[in-house]
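A.B. asks: After the structure tokens below, expect a handful of questions from me.
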Amino acid sequence: MSSAFIRGSAAAVLSSFLLAVPAHAQAPKASKSKARFEIVVPPEMQKGPVTGRALLMISRTNDREPRLQTGRTGVPFYGHDMEAVNAGTPVVIDGSDLGHEVDSIDEIPAGDYYVQAMVNVYSEFKRADGHTLWMHDDQWEGQHWQSSPGNMYSAMQKVHLDAKAGYTVRLLMTGKIPPIASLPDDEWVKRFKFQSPSLTKFWGRPIYLGATVLLPRDYDKSTISYPVNYQQGHFSTAAPFRMAPGSDALKQWTAADFPRVIVVTFQHPTPYFDDSYAVNSVNVGPYGDAIMNELIPEVEKRFRVIREPWARWLSGGSTGGWEALALQLFHPDFFGSTWAGCPDPVTFSGGAIDLYKDTNAFYKDFPWYRHPTIYAREINGDIRETARQRSYLELVTATKGRSGEQRDIFEAVYGPIGKDGYFQPLYDKRTGVIDQSVVQYWKEHYDLVEYMKKNWPALGPKIVDKIHVYVGDADTYFLDRAVRVMDAWMKTTTNPHYEGFFMYGDQKPHCWSG
């Protein structure tokens, strides 16, 4: 999400390695594998056929279940789509199925491993635009397939794997994840959830919105109304600022000299991600309208908030940082200020993948050589993850952008709709080749800097003194680069001239916020 931080020798070695990537990493291959896993949903676990994604995890350790060891730097795992598979019918994962960390099970070194399988169950969405999609229906877990209620898993097994000798391992689904238990309200924290009329209409199934509200001291002893901070971020029903009972944070919050305000966090998971990005989108739906016309009015109806722009301010980090800026820019008369930390790309220029310069998401091309695009870094400049690795993580998790991961939600929110009803990909997930027509769509609709440029005569006077941005200058995902583009452009504004407020943390990672 700077190559200046990467020593030339390390970059050269990694570049040479990736230029020699075997063909199977670039395109599916016909299966000649003698290694295979059979993933089976027995009739007693599921009535009727199953549509979803079968996932296989392989680990050297059993300190946790393998399904809980996946991630950006986790254990190898593999996936295979299931389309109306009858109970009892095996779904096969073999050497032709792409993996993350290790591209194929044929490349797993011979040895003893702990293995486990899961099925991420999909539901049918008959959308209002006429498209029928099969997606994971969030169960208020925030689009985490490892812990989503209704998803199935096998017992962990210890097996010996040797792809050259060949093997068949059968994994039977024996467990199903139970419903999420609701967190209890208390004196300070209140929660509500309701079915959204507009989102339900768009998706053709019930879609829910919710909020968690942190109240100030003496709220129940007074009749006055309070300013409200709408705090953006990833899905969670935990108390804002993690105000646990008995914590130092809660003691400070309720102290006599602490300002009294209301803090609200939103819950708006989508079939694509744990968060909608709080804007309208042809793929995700009218979440911007739903938040402004359904969710915020519900907050103002249930709680005593001051219903004036000066008393509504926005804050958030990362995804929430982008949302805090977008809501302020798209609704400048409604909100009084925004405090955005480490925001996701505020422009699509200058980031880890520079969409206005790069032609391939996986590589930086130069006249006589290329080197891999670094997607995530450590403070000391070490490489955490390349763009190719990130893309494979999401592609292995799910096809058609259904991974519930970061790159896929960018494409779902910012991109045009594809012919099949899923989003039109920004780039080929296997080769990295970028579709320039999709880049143009992103630029025209969701580049926040471009939006300010086009609308400054009307927008500028409404946002003076309202924009505050914080980011580490060594942001893990290079988000500081896009912020600097925004910072530089705002210094050139006229009528009015408004530079905004930008603060950079020296050698601070994601998500430093001042």
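A.B. asks: For region 62-77, give me each residue that is in contact with a Lys or Arg (Cβ under 9 Å, 6 or more places away or on another chain) and either modelled with pLDDT under 95 or under 16 Å from V119 (Cβ atoms) (or both).
C.D. replies: Within region 62-77, R72, T73, F77 qualify.
A.B. asks: Which ones in region 223-271 are crowded, with 20+ Cβ neighbours inside 10 Å and closer than 30 Å to T132 by Cβ?
C.D. replies: F235, F266, Q267, H268, P269, T270, P271
A.B. asks: Working only within region 310-352, note down all residues that are of a type in the set (D, E) and under 17 Å from the mean Cα position of the chain (by Cα).
C.D. replies: Hits for region 310-352 are E323, D344.
A.B. asks: Determine which single condition S513 fails, assuming it passes every other condition in (1) touching a Phe, Trp or Tyr at 6+ places or on another chain (Cβ under 9 Å); (2) assigned to a loop (DSSP other than H, G, I, E, B); (3) farther than 30 Å from H100 by Cα; (4) at pLDDT 95 or above.
C.D. replies: (4) is the only condition that S513 fails.
A.B. asks: Any idea which residue in region 472-500 is most open to solvent (accessible area, probe 1.4 Å), counting only those that are closer than 15 Å to P457 by Cα and hydrophobic (A, V, I, L, M, F, W, C)?
C.D. replies: W489
A.B. asks: While we're looking at this one, here's another question. Being farther than 17 Å from G74 by Cβ and touching a Lys or Arg at 6+ places or on another chain (Cβ under 6 Å) is the filter here; which residues of region 105-134 pass it?
C.D. replies: F125, A128, T132
A.B. asks: Assuming D275 fulfils every condition listed in (1) open to solvent by 30 Å² or more (accessible area, probe 1.4 Å); (2) within 24 Å of L183 (Cβ to Cβ); (3) in a loop (DSSP other than H, G, I, E, B); (4) not aliphatic (A, V, I, L, M) apart from one, which condition is it?
C.D. replies: Of (1) open to solvent by 30 Å² or more (accessible area, probe 1.4 Å); (2) within 24 Å of L183 (Cβ to Cβ); (3) in a loop (DSSP other than H, G, I, E, B); (4) not aliphatic (A, V, I, L, M), only one is false for D275: (1).
The values are calculated or read from the model by the stated rules, or taken from the named source; none is laboratory data. For clarity, every value in this text was computed on a predicted model and none was experimentally measured. Neighbour counts run over all protein chains shown; Cβ positions are idealised from the backbone, glycine included. With ligands, DNA and RNA removed, areas are computed over all heavy atoms of the protein, side chains included. Shrake-Rupley method; radii C 1.70, N 1.55, O 1.52, S 1.80 Å.
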